[in-house]
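Read through the structure below, which is laid out as structure tokens, and then see the notes.
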Amino acid sequence: MLFDERPKETRSDLFDKERELEELKAAIDAGRPLVVLSGIRRIGKTSLLKVALGEIGLPSILIDARGLKSNYGRRELYSKIATSLSSSLDRIKDLISIRGVKILGIDVELSWRGRDYLDLSDLFDSLNRRRVIIAIDEAQNLRGPLSSEMRNAIAHSYDYNRNLTFVLTGSEVGLLQGFLGSDEPSSPLYGRFCYTITIDRFTEEQSRSFLVEGFRQADEEVDTSVVEEAVRWLDGIPGWLTFFGSSYISGSRDLGEIKEKAVRLALSELKALFKDRPRRYRLVLKAMASGARSWSSVKDYIERKEGSTISSSVLHNILRNLEAMSVIEGYSFLDPVYGEASKRL
């Protein structure tokens, strides 16, 4: 069903992404060592990844890096990896009989310190005995204290493990590129080629067709004006279009009510995103949400709100980081719902 808000797992539920799906499958089939699947939030990266992994049929390990805090430790990282290994245990059990790994029934435990500490490069070397796909969803969250350890392990596999393909997805495209550091001489992945697939938003016609088909599947007759309003407001972002359709067929027929639910959800995500960052990040977004569309107008807004000056270098860094986080592009929001939510920060 198109309006199922969970990530899609079958081609029939993946609307109009045939080209991207076939490109991802072809990259994996070709044995490319490192594939990057990029796009803003709610664009459909996880759905595309899960459908591709299901159709290829090779053993795969899907590590969900969402939820990792900026100061995550080895215990948190290894817990994520252990959960992923447990989910794929039926196909990789014989590949992970190495020091630091315990298999207890249907669960995997990893040693993250002490004499039996598991080195990630050793884990990848062991998996390399057969063709295996290692996917990391929202991989930009690996930036932090252990980023060099993960990059070293991926770089080691890039050079030595020809049976492994890493697929990394990222909604904060600039931060993902920063994590990989393939253009930075200090990074162990410097000079390694990353095959990148970018997922774009729907066109207006695709958005319209998506909603019409979703309502048809739900056996709902919907006025054309409702569809057009959603197409206009949600700017081709599949996740928000799905949210809209799901809310509507669940009984929320008031468009204002659905918009309010979406904005509240986006607001909670923005607050989580900027929880550990200076207040000025929020002020920059509020400035843009209020109509500021130039350096001077954003700077003027912040200075009036704070009653103090802000240096050009500080403002430059904030704008650059917001672009790296795929929240803005220039002085515009990449997601209109986030733009509306920013007024309430």
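Here are a few things to note about the model shown:
- Scope the range 164-188; condition under 24 Å from Ser126 (Cα atoms) and touching a residue at least 60 places away in the same chain (Cβ under 8 Å); matching residues: Leu164, Thr165, Phe166, Val167, Leu168, Thr169, Leu180
- Some residue of the range 88-102 being on the phi > 0 side of the Ramachandran plot and in the same structural domain as Asp159 (by TED's automatic domain parsing): yes
Yes/no per residue for (1) part of a helix (DSSP H, G or I); (2) more than 24 Å from Leu24 (Cβ to Cβ):
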site	(1), (2)
Phe124	yes, no
Asn141	yes, no
Gly144	no, yes
Arg151	yes, no
Ser157	yes, no
Val167	no, no
Asp183	no, no
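- Of the residues screened, Ser60 is one that is crowded, with 21+ Cβ neighbours inside 10 Å and touching a helix residue (DSSP H, G or I) at 6+ places or on another chain (Cβ under 9 Å).
- Answer from Ser268, Ser308, Ser312 - the residue that is hydroxyl-bearing (Ser, Thr, Tyr) and under 17 Å from Ser171 (Cβ atoms): Ser268
- Output for the range 126-139, where each listed residue is buried (at least 21 other Cβ atoms within 10 Å of the Cβ) and in a loop (DSSP other than H, G, I, E, B): Glu138
- Residue within the range 264-286 that is assigned to a helix (DSSP H, G or I), of a type outside the set (Asp, Glu) and touching a strand residue (DSSP E or B) at 6+ places or on another chain (Cβ under 9 Å) present: yes
- The range 12-25, residues that are free of Cβ contacts under 8 Å to residues at least 60 places away in the same chain, under 20 Å from the mean Cα position of the chain (by Cα) and over 14 Å from Leu211 (Cα atoms): Glu18, Arg19, Leu21, Glu22, Lys25
- Residue among Leu21, Leu53, Leu37, Leu85 that alone is out of contact with any Gly (no Cβ under 7 Å at 6 or more places or on another chain), crowded, with 20+ Cβ neighbours inside 10 Å and farther than 30 Å from Ser111 by Cβ: Leu37
- Summed over the range 313-345, residues that are free of Cβ contacts under 8 Å to residues at least 60 places away in the same chain, within 19 Å of Lys259 (Cβ to Cβ) and either in contact with a His (Cβ under 6 Å, 6 or more places away or on another chain) or surrounded by fewer than 17 Cβ atoms within 10 Å (Cβ to Cβ) (or both) total 1.
- Remark: pairs (first residue in the range 126-155, among the polar types (S, T, N, Q); second residue part of a strand (DSSP E or B) and crowded, with 21+ Cβ neighbours inside 10 Å; Cβ separation under 6 Å; 6+ apart in sequence or on different chains) = Asn128/Leu164; Gln140/Gly170.
- Within the range 1-108, strands (runs of 3 or more DSSP E) holding 1 or more residues that are among the hydroxyl-bearing types (Ser, Thr, Tyr) and out of contact with any Leu (no Cβ under 6 Å at 6 or more places or on another chain): 34-38
- Among the residues of the range 194-218, the ones that are under 20 Å from Gly39 (Cβ atoms) and either in a loop (DSSP other than H, G, I, E, B) or modelled with pLDDT under 95 (or both) come to 6 in all.
- Count - residues of the range 90-118 that are in contact with a strand residue (DSSP E or B) (Cβ under 9 Å, 6 or more places away or on another chain) and surrounded by 17 or more Cβ atoms within 10 Å (Cβ to Cβ): 8
- Any hit, the range 72-84, residues being of a type in the set (A, V, I, L, M) and within 27 Å of Thr10 (Cα to Cα): yes
- Restricting Ile310, Ile302 to those that are in a loop (DSSP other than H, G, I, E, B) and either farther than 19 Å from Val263 by Cβ or more than 26 Å from the chain's Cα centre (by Cα) (or both) reduces the list to Ile310.
The values are calculated or read from the model by the stated rules, or taken from the named source; none is laboratory data. Remember, predicted model here, so these are calculated numbers, not experimental data. Heads up, the Cβs are rebuilt from the backbone with ideal geometry, glycines too, and the neighbour counts pull from every protein chain shown.
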